[in-house]
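K.L.:
Dumping the structure here so I can ask a few things about it.
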Amino acid sequence: MALVEPKNKIETLRELEKKVLWLAMWIIHNANHVRPSRDGIKVGGHQASCASVATLMTALYFDVLKPQDRVAVKPHASPVFHAIQYMMGRQDQSALESFRALGGAQSYPSRTKDRDEVDFSTGSVGLGVAMTLFASMVQDYVRLHHLVQDSGLQQQPAGRMIAVMGDAELDEGNIYEAMLEGWKYDVRNLWWVIDYNRQSLDGVVSDGLFQKIRQFFGTVDWNVHMLKYGKKLERVFQQPGGEALRNWIDECPNDLYSALTFKGQAGGSTWRDNLKRDLHGVKGIKPILDAHDDEALHTLMTNLAGHDMEAVLDAFHGVKDDDGPQCFIAYTVKGFNTPLAGHKDNHAGLMTPDQMALFRSHMGVPEGDEWDPFANLGMPAEEVRDYVSGVSFNRGGSRIHKAARVELPDSIVPKRAAKTSTQQAFGAVLNELARGNSALASRIVTTSPDVTVSTNLGPWVNQRGIFSLDMRNDVFRDEKVASAQKWLRHGGGQHFELGIAESNLFLMLASLGLSGPLFGTRLLPVGTLYDPFIARGLDSLNYACYQGARFMVVATPSGITLAPEGGAHQSVSTPLIGMGQPGLLSFEPAYADEVAEIMAWGFDYMQADDGGAVYLRLSTRPLEQPEREITPDLRADIVSGGYWLREPDPQAPAVIVYTGAVVPEVLQAREMLEEELPGIGVLAVTSADRLYAGWQSRTRRPDTPVSHLEKLMGGLGPETRIITVQDGHPANLSWIGSALGRRLFPLGVTGFGQSGDLPDLYQTYGLDAESIMDAVAAACVDKARGTPMAV
């Protein structure tokens with residue numbers, strides 16, 4: 001529907017703002033005071049935080065945004081977002097009535113849980129903000145690579161990636177890590193709109209802090225726009241005494257301004273009393289005060305630009321065609337236009353029924369009209385409805401693009417090496433792909449936080465280049481300095497070289513992994529980092545998975561197998577992270593051919609409707625490679641989580657279950673025991689995560705097919721014991737004992753590592769062949785004693 005321009009757009013937007021505020025407040029009130037509660041637990045909803053952004057979000061969604069723009073809404077403004085989508089016909093009433101209930105509108109905007117097509121999930125503060133920066137970089141990548149396939153999208157100019165953020169989000173360090181990366185990249189088409197209400201969860205923000213933050217934005221070349229005073233105050237400032245009034249407000253401490261705001265909205269002469277005392281004798285102040293009764297004076301003194309529709313629109317539209325990064329610092333009042341305005345405890349506060357009754361009267365909403373999106377406005381409902389239907393943001397149809405699948409080659413197995421590590425095998429797979437011109441190779445995008453070479457991405461980058469908005473030659477190459485790295489930076493590069501900040505890595509992977517639904521072009525991102533530093537970026541990894549982003553994270557080196565590096569670089573708990581993280585399937589192969597098969601399966605899984613992200617935990621330990629054919633059955637077993645490397649004898653007293661680079665010690669122990677205890681089986685677990693998921697599904701739904709774990713272990717004798725071995729926390733495999741009802745003896749690492757060589761460390765932490773033999777012996781003794789399987 002074409003836009004129907006109203007006679008007075010500003011007044012129309014003010015009426016819409018009023019309705020947005022009402023609906024947001026009512027959504028929360030209904031959830032806490034109207035809807036029956038079965039558990040007596042407070043539902044919550046952050047009414048004050050919603051009120052402070054009502055003007056800003058009304059201006060954006062009902063006037064400024066284009067269909068190609070993408071927005072990350074601050075977490076606590078979720079009800080405002082849902083109210084706006086409801087008014088646009090993109091959300092239904094039942095979802096609002098079920099706010100924070102099962103199946104209803106989510107507490108914080110969610111791509112995967114909400115019905116109204118959220119652009120970026122938010123919730124962990126600061127991450128959604130930074131996500132917009134990396135999404136802008138991905139948009140540039142897609143456009144410069146000419147990968148936009150939809151003709152409609154091709155004709156659109158680049159969208160703006162916009163974050164509506166709370167000022168307290170700027171306490172999060174990931175914000176500044178992202179800004180530095182954006183500066184290095186020359187990020188563009190990026191807006192951050194800061195709701196500067198000067199209140200955080202526990203109180204009022206320190207005076208002067210924001211000047212430091214403003215300076216930082218300027219340091220990294222952002223355009224900073226201060227939206228401090230509304231049009232009413234600006235007009236009064238032009239009068240005699242106006243400059244003194246401006247100075248008084250400028251110098252008013254944040255906590256005092258908040259307190260006066262709270263007292264002033266309840267009526268009384270609090271503003272007048274303070275101004276008379278502090279500005280006594282200043283020429284022009286008395287006429288200003290005399291021209292306003294107490295209510296009008298309160299309205300004047302709280303006329304901050306973030307609540308002044310005209311001032312907000314002037315700022316947003318004033319940017320025009322400048323595609324540089326824009327920061328809008330909008331002064332607001334937390335809880336504006338509600339009984340909660342300004343109170344330092346209002347963050348988690350809720351209007352009482354009595355306060356809501358006063359608010360209802362103030363908003364002019366009679367009983368029975370609470371959910372009507374266009375009733376009781378100061379202009380004809382149909383006129384406003386027609387305007388809303390035709391605004392630019394609401395004309396683009398679905399905001400979730402359908403991206404075509406990327407065709408995969410029949411095989412990506414590289415040339416066999418007699419001895420290699422899983423990390424080297426990973427690099428060889430990408431190197432082989434980089435040499436060709438397959439569809440898969442054209443859609444792979446790699447990224448790494450300053451560990452590109454040491455994680456074996458170097459050959460890929462040598463051939464495919466680093467993505468950059470400008471062309472930069474390799475200076476070492478130009479100067480004829482010998483180097484294995486030949487890195488050219490250009491618009492056709494397929495690698496993002498990041499600084500050493502793991503949070504940025506996972507936000508970049510999230511942005512690349514959502515390129516399909518966001519920009520209509522499917523990319524297959526691969527990111528690398530050292531395995532122990534997954535923990536450093538874990539919040540961002542969780543955030544990426546929560547959004548449903550599809551990517552492959554390759555973490556290498558890992559474990560105490562990285563012997564000389566010491567405990568700071570030796571991961572222990574990451575296998576448990578891989579198993580426990582929703583939206584992420586983890587693998588830990590031992591051999592090169594397993595790596596290739598898992599990667600091939602992973603690229604398919606990343607595109608499946610019920611797929612997700614993939615985590616490969618790899619090692620730098622070179623191993624002798626088996627000479628074998630990967631049959632269809634073996635391939636299926638590898639990607640399903642495990643296979644018998646050595647089949648067990650049905651009467652074997654024990655089997656050894658291992659994961660990853662400890663396989664030489666496992667096979668050595670088996671060989672040493674062969675004469676005394678023949679037939680010990682060796683089970684290679686390539687994914688404890690997949691084995692566990694299959695077993696758990698079986699326990700929840702007994703009518704489902706037998707799990708892969710049960711198939712593998714089904715032929716064991718009734719008294720066979722299990723020994724598990726992994727260079728990682730033993731809990732990653734020890735659950736297998738309870739799953740099968742068998743006695744299990746786990747070996748693994750439970751303490752911090754240390755420097756040493758491999759034989760010393762494996763012996764110290766109980767991963768050497770002798771330790772494995774001792775565990776087998778203990779299992780045999782346990783069996784001989786007749787210890788019951790379940791004790």
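K.L.:
Running Debye on segment 666-757 with equal point scatterers at the Cα sites and no solvent, what base-10 log of I(q)/I(0) appears at q = 0.12 Å⁻¹?
P.N.:
Normalising to I(0) and taking log10 leaves -0.46.
K.L.:
What percentages make up the Cα-Cα pair-distance distribution of segment 328-476 when the bins are 10 Å wide from 0?
P.N.:
Reading upward from the zero bin: 8, 18, 17, 13, 11, 18, 13, 2, 0.
K.L.:
Just to compare against my own numbers: the Cα pair-distance distribution for segment 275-365, 10 Å bins, whole % per bin, please.
P.N.:
12, 29, 31, 22, 6
K.L.:
More than 16 angstrom separation, counting every C-alpha pair in segment 443-545; what % is that?
P.N.:
Numbers: 3124 of 5253 pairs.
Value for segment 443-545 (Cα pairs over 16 Å): 59 percent.
K.L.:
Report, in listed order, any pair from K231/K276; K66/K113; K232/K286; K66/K320 with a Cα-Cα distance greater than 19 Å.
P.N.:
On the way: K231/K276 23 Å; K66/K113 24 Å; K232/K286 17 Å; K66/K320 13 Å.
Where the Cα-Cα span goes over 19 Å, the pairs concerned are K231/K276; K66/K113.
K.L.:
While we're on this one: Shape call for segment 249-302 from the C-alpha gyration tensor, a ≥ b ≥ c root eigenvalues: rounded (a/c under 1.5), prolate (a/b greater than b/c) or oblate? List each step's numbers first, then the result.
P.N.:
Working: a/c = 2.01, a/b = 1.21, b/c = 1.66.
Here segment 249-302 falls in the oblate category.
K.L.:
Here's a follow-up. Between segment 367-405 and segment 580-622, how far is it from one alpha carbon centroid to the other, in angstrom?
P.N.:
43
K.L.:
Computed on alpha carbon atoms, what radius of gyration and Dmax characterise segment 61-167, expressed in Å?
P.N.:
Final numbers for Rg and Dmax: 14.8, 44 Å.
K.L.:
In terms of the Cα gyration tensor, with a ≥ b ≥ c the square roots of its eigenvalues, is segment 478-632 rounded because a/c is under 1.5, prolate because a/b exceeds b/c, or oblate? Please report the intermediate quantities before stating the final value.
P.N.:
Details: a/c = 1.24, a/b = 1.06, b/c = 1.17.
Rounded shape, in that the Cα axes give a/c under 1.5.
K.L.:
So which aspartates and glutamates can K7 reach, going by Cα to Cα under 18 Å and dropping same-chain residues fewer than 8 places off?
P.N.:
Within the straight-line cut-off, K7 pairs with E15, E17, D63, E310, E382, E383, D386.
K.L.:
Next question. With the full set of protein chains in place, find how many percent of the accessible area of the chain is carbon and sulfur; take the probe as 1.4 Å. List each step's numbers first, then the result.
P.N.:
Details: 15740 of 31650 Å².
Within the chain, the accessible surface is 50 percent carbon and sulfur.
K.L.:
Here's another thing I want to ask about it. Check the straight Cα-Cα distances from K480 and name the lysines below 29 Å, setting aside those fewer than 8 residues away within the same chain.
P.N.:
Counting by Cα, and skipping residues close in sequence, K480 has these lysines nearby: K184.
K.L.:
Along its three principal axes, how long is segment 401-479 when you only count alpha carbons? Whole Å, largest extent first please.
P.N.:
Principal-axis extents of the Cα atoms in segment 401-479, largest first: 44, 41, 22 Å.
K.L.:
Next question, about the same structure. Excluding residues on the same chain fewer than 8 positions from K415, give the lysines whose Cα lies under 21 Å from its Cα.
P.N.:
Output for K415: empty list, no partners.
K.L.:
Nearest 20 debye, what's the magnitude of the dipole of segment 725-791 about its Cα centre given +1 on Lys and Arg Cβ and -1 on Asp and Glu Cβ? Intermediate results must be reported in sequence, preceding the final value.
P.N.:
Details: 4 positive and 7 negative charges, 111 e Å.
Charge dipole, segment 725-791, about its Cα centre: 540 debye, nearest 20.
K.L.:
Could you give the distance between the Cα centres of segment 479-520 and segment 168-184, to the whole Å?
P.N.:
Using only Cα atoms to place each centre, the spacing works out to 18 Å.
K.L.:
Where q = 0.14, 0.23, 0.28 Å⁻¹, what log10 of I(q)/I(0) comes from the Debye formula for segment 444-502, counting one point per Cα?
P.N.:
At q = 0.14, 0.23, 0.28 Å⁻¹ the computed log10 ratios are -0.36, -0.94, -1.23.
K.L.:
Relative to the present Cα-Cα distance, how much length would full extension add between T764 and V706 at 0.36 nm per residue of separation?
P.N.:
Details: separation 58, 0.36 × 58 = 20.88 nm, distance 3.89 nm.
Length gained between T764 and V706: 17.0 nm.
K.L.:
A further question on this structure: With point charges of +1 on the Cβ of Lys and Arg and -1 on the Cβ of Asp and Glu, referenced to the Cα centre of the chain, which listed residue (V43, Q581, P664) lies farthest in the positive direction of the dipole?
P.N.:
V43
K.L.:
Moving on. Looking at L634, S442, I213, which one has the Cα that reaches farthest to the positive end of the dipole of the chain (charges on Cβ: Lys, Arg +1; Asp, Glu -1)?
P.N.:
About the Cα centre, the residue reaching furthest to the positive side is I213.
K.L.:
Once the Cα gyration tensor of segment 609-713 is found, what semi-axes does its equivalent ellipsoid get, as square roots of 5 times the eigenvalues, in whole Å, sorted largest first? Intermediate values should be presented prior to the final figure.
P.N.:
Values: eigenvalues 135, 74, 29 Å².
Calculated on Cα positions only, the semi-axes equal 26, 19, 12 Å.
K.L.:
Let me ask you something else. Using only the alpha carbons of segment 3-100, determine the length spanned along each of the three principal axes and report them from longest to shortest in whole angstroms.
P.N.:
Largest first, segment 3-100 extends 48, 26, 24 Å along its Cα principal axes.
K.L.:
Okay, next question. Could you check the simple spin-label distance between I500 and Q93, using points 7 Å along Cα→Cβ, in nm with one decimal?
P.N.:
Going by the 7 Å Cα→Cβ label model, 5.9 nm.
K.L.:
Using the crude model of +1 on Lys and Arg Cβ and -1 on Asp and Glu Cβ, and no other charge, please compute the dipole size for the chain relative to its Cα centre, in debye to 20.
P.N.:
Using only the charged Cβ atoms, the result is roughly 1080 debye.
K.L.:
Quick check: Cα centre of segment 212-258 to Cα centre of segment 656-717, how many Å?
P.N.:
First find each Cα centre; the distance between them is then 67 Å.
K.L.:
If I take R0 = 22 Å and measure r between the Cβ atoms of R405 and T631 in this structure, what FRET efficiency does the formula 1/(1 + (r/R0)^6) give, to the nearest 0.05?
P.N.:
Numbers: r = 26 Å, r/R0 = 1.19.
It comes out at approximately 0.25.
K.L.:
Roughly what % antiparallel, to the nearest 5, for the DSSP beta bridges in the chain? Could you put the intermediate results ahead of the total?
P.N.:
Working: 9 of 66 bridges.
Among the beta bridges of the chain, antiparallel pairing accounts for roughly 15 percent.
K.L.:
What is the gain in length, in nm to one decimal, between M226 and D290 on full extension, counting 0.36 nm per residue of separation less the C-alpha to C-alpha distance? Each step should come with its number before you reach the end.
P.N.:
Working: separation 64, 0.36 × 64 = 23.04 nm, distance 2.98 nm.
The span from M226 to D290 would gain 20.1 nm if fully extended.
K.L.:
Which order, highest average first, do 631-641, 174-184 follow once you tally other Cβ atoms within 10 Å for each residue and take the mean per peptide?
P.N.:
Working: 631-641: 16.3, 174-184: 20.5.
Descending packing order for the listed peptides: 174-184, 631-641.
K.L.:
Keeping all protein chains in place, calculate the accessible area per residue for the chain (probe 1.4 angstrom), answer in Å².
P.N.:
Each residue of the chain exposes 40 Å² on average to a 1.4 Å probe.
K.L.:
Normalised by the empirical 2.2 N^0.38 Å for globular proteins, what value does the Cα Rg of segment 114-242 take? Display every interim value, and only then the final one.
P.N.:
On the way: Rg = 18.1 Å, N = 129, 2.2 N^0.38 = 13.9 Å.
In units of the 2.2 N^0.38 Å rule of thumb, it is 1.29.
K.L.:
How compact is segment 393-444 by the rule of thumb for globular proteins, expressed as Cα Rg over 2.2 N^0.38 Å?
P.N.:
On the way: Rg = 17.5 Å, N = 52, 2.2 N^0.38 = 9.9 Å.
Expressed relative to 2.2 N^0.38 Å, the Cα Rg reads 1.77.
K.L.:
Per DSSP H run of n ≥ 4, the term is -39500 (n - 2.57); total these for the chain, divide by its residue number, and report the mean residue ellipticity at 222 nm rounded to 500 deg cm²/dmol. Before the final figure, lay out each step's value.
P.N.:
On the way: 34 runs with 325 residues, N = 791.
Calculated at 222 nm, the ellipticity per residue is -12000 deg cm²/dmol.
K.L.:
Here is a further query. Find the all-direction average of the projected area of the Cα convex hull for the chain, expressing the result in square nanometres with one decimal place. Before the final figure, lay out each step's value.
P.N.:
Values: hull surface 157.5 nm².
With every direction weighted equally, the projected area is 39.4 nm².
K.L.:
Going by average Cβ density within 10 Å per residue, which order do the peptides 32-44, 255-267 take, highest to lowest? Please list the in-between numbers first.
P.N.:
Numbers: 32-44: 11.1, 255-267: 18.5.
In decreasing order of mean packing, 32-44, 255-267 become 255-267, 32-44.
K.L.:
Counting Lys and Arg as +1 and Asp and Glu as -1, each charge on the Cβ, what is the dipole of segment 250-335 about the Cα centre in debye, to the nearest 20?
P.N.:
Working: 8 positive and 15 negative charges, 96 e Å.
With only Lys, Arg, Asp and Glu charged at Cβ, the dipole is about 460 debye.
K.L.:
Let me ask another. Could you point to the residue in G128, I28, Y86 farthest towards the positive end of segment 14-149's charge dipole, with +1 and -1 charges on the Cβ of Lys/Arg and Asp/Glu respectively?
P.N.:
It is I28, whose Cα lies furthest towards the positive end.
K.L.:
Something else: In nanometres, what is the gap between the two model label sites at R385 and S398, each 7 Å from Cα along Cα-to-Cβ?
P.N.:
My value for the distance between the label points is 2.6 nm.
K.L.:
How far apart, in nm, are two points set 7 Å out from the Cα along the Cα-to-Cβ line at M471 and at D322?
P.N.:
3.0
The values are calculated or read from the model by the stated rules, or taken from the named source; none is laboratory data. Quick caveat: nothing in here was measured; it's all calculated off a predicted structure. No Cβ is skipped: glycine too gets one built from the backbone with ideal geometry, and neighbour counts run over all protein chains shown. Note: accessible area is taken over every heavy atom of the protein model, side chains too, but ligands, DNA and RNA are not part of it. Shrake-Rupley method; radii C 1.70, N 1.55, O 1.52, S 1.80 Å.
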